[in-house]
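The values are calculated or read from the model by the stated rules, or taken from the named source; none is laboratory data. Remember, predicted model here, so these are calculated numbers, not experimental data. No Cβ is skipped: glycine too gets one built from the backbone with ideal geometry, and neighbour counts run over all protein chains shown. The area values use the complete protein model at the heavy-atom level, side chains included, leaving out ligands, DNA and RNA. Shrake-Rupley method; radii C 1.70, N 1.55, O 1.52, S 1.80 Å.
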Amino acid sequence: QVEFIQTDLSKDQDMSKIEDVLKNDADIEILVNNAGITLSGNFLTQDIKEIETLMTLNMTAVVRLSHAVSEQLVRKGKGSIINLGSVVGLSPEFGSTIYGASKSFIHFFSQGLHLELKDHGVHVQAVLPSATKTEIWERSGIDLSQVPPLMDVNDLVDAALIGFDRKETITIPVLKDENQWNNFEKSRMTLLPNFSSAEVAQRYTN
């Protein structure tokens with residue numbers, strides 16, 4: 001049985017409608033936060049109202065809907081949250097400042113939420129696609145001739161589901177060598193002990 005609820009998650013009233021469903025429908029065990037937009041142009045040329053809409057849809061909606069469903073998932077001791085990020089969130093050099101920042105948020109949020117919920121039987125996965133053939137390009141007014149080759153959306157979904165079955169926290173379907181990501185994470189972890197100090201690093205004391 002499938003129920004369709006047409007909403008615009010950039011609008012508070014519509015977001016509240018979905019929150020109520022997630023809080024009250026105990027049959028829901030998986031939330032996929034897939035809604036998102038991007039903008040053409042750069043930070044200086046983008047309209048601030050459109051930027052605010054992007055931030056609401058790409059970040060605020062993800063947080064609110066995840067929060068709405070988490071309580072019942074934890075209570076049942078099972079369930080999953082899947083958040084769609086982007087490799088752009090790891091790559092300021094790609095030049096999409098606002099969109100990339102919103103996807104960097106998804107990456108961090110998903111990892112943090114995973115650490116909070118994993119002991120309660122709830123799995124959190126972030127999928128970081130590369131450029132994918134969806135409606136996002138046409139809706140944002142971006143010239144397709146200016147973007148790299150696009151992955152077929154069916155291939156993306158298949159790869160994301162394999163990562164989901166493997167209980168990955170971060171799934172990057174386009175990454176050929178998973179050791180590159182594993183090494184990245186190991187390098188990040190080596191930094192953590194250095195963040196717990198009350199002393200200024202010597203290079204900043206001279």
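Out of the residues in the range 151-185 that are of a type in the set (Val, Ile, Thr) and outside any helix (DSSP H, G or I), state the one that is surrounded by the fewest Cβ atoms within 10 Å (Cβ to Cβ).
Residues of the range 151-185 that are of a type in the set (Val, Ile, Thr), as a first pass: 153, 157, 162, 169-172, 174.
Retained after the next criterion (residues that are outside any helix (DSSP H, G or I)): 169-172, 174.
Numbers: THR169: 17, ILE170: 19, THR171: 22, ILE172: 22, VAL174: 14.
The selected residue is VAL174.
Out of the range 126-150, which residues are assigned to a loop (DSSP other than H, G, I, E, B), at pLDDT below 95 and either open to solvent by less than 60 Å² (accessible area, probe 1.4 Å) or not charged (D, E, K, R) (or both)?
The answer is PRO129, SER130, ALA131, THR134, GLY141, ILE142, VAL147, PRO148, PRO149, LEU150.
The set of residues from the range 85-99 being in contact (Cβ under 8 Å) with a residue 40 or more places away in the chain and touching a helix residue (DSSP H, G or I) at 6+ places or on another chain (Cβ under 7 Å) comprises GLY85, SER86, SER96, ILE98, TYR99.
Within the range 183-206, residues that are β-branched (Val, Ile, Thr) reach no partner that is surrounded by 10 or more Cβ atoms within 10 Å (Cβ to Cβ) with beta carbons closer than 6 Å at six or more positions or on different chains. For the range 10-23, the criterion of a residue being in contact with a Leu (Cβ under 9 Å, 6 or more places away or on another chain), under 21 Å from ALA126 (Cα atoms) and loosely packed, with under 15 Cβ neighbours inside 10 Å is satisfied by no position.
In the range 90-128, what count of residues is obtained for those that are of a type outside the set (Ser, Thr, Tyr) and more than 9 Å from the chain's Cα centre (by Cα)?
Going residue by residue through the range 90-128, those that are of a type outside the set (Ser, Thr, Tyr) are 90, 92-95, 98, 100-101, 103, 105-109, 111-128.
Those left that are additionally more than 9 Å from the chain's Cα centre (by Cα): 90, 92-95, 98, 100-101, 111-124.
Matching residues across the range 90-128 total 22.
Can you tell me which residue is farthest from GLN72 (Cα to Cα) among those in the range 100-130 that are of a type in the set (Gly, Ala, Ser) and in contact (Cβ under 8 Å) with a residue 24 or more places away in the chain? This residue is SER130.
Take the residues in the range 60-83 that are open to solvent by 30 Å² or more (accessible area, probe 1.4 Å) and under 14 Å from the mean Cα position of the chain (by Cα); name whichever of them is nearest to ARG188 (Cα to Cα).
VAL63
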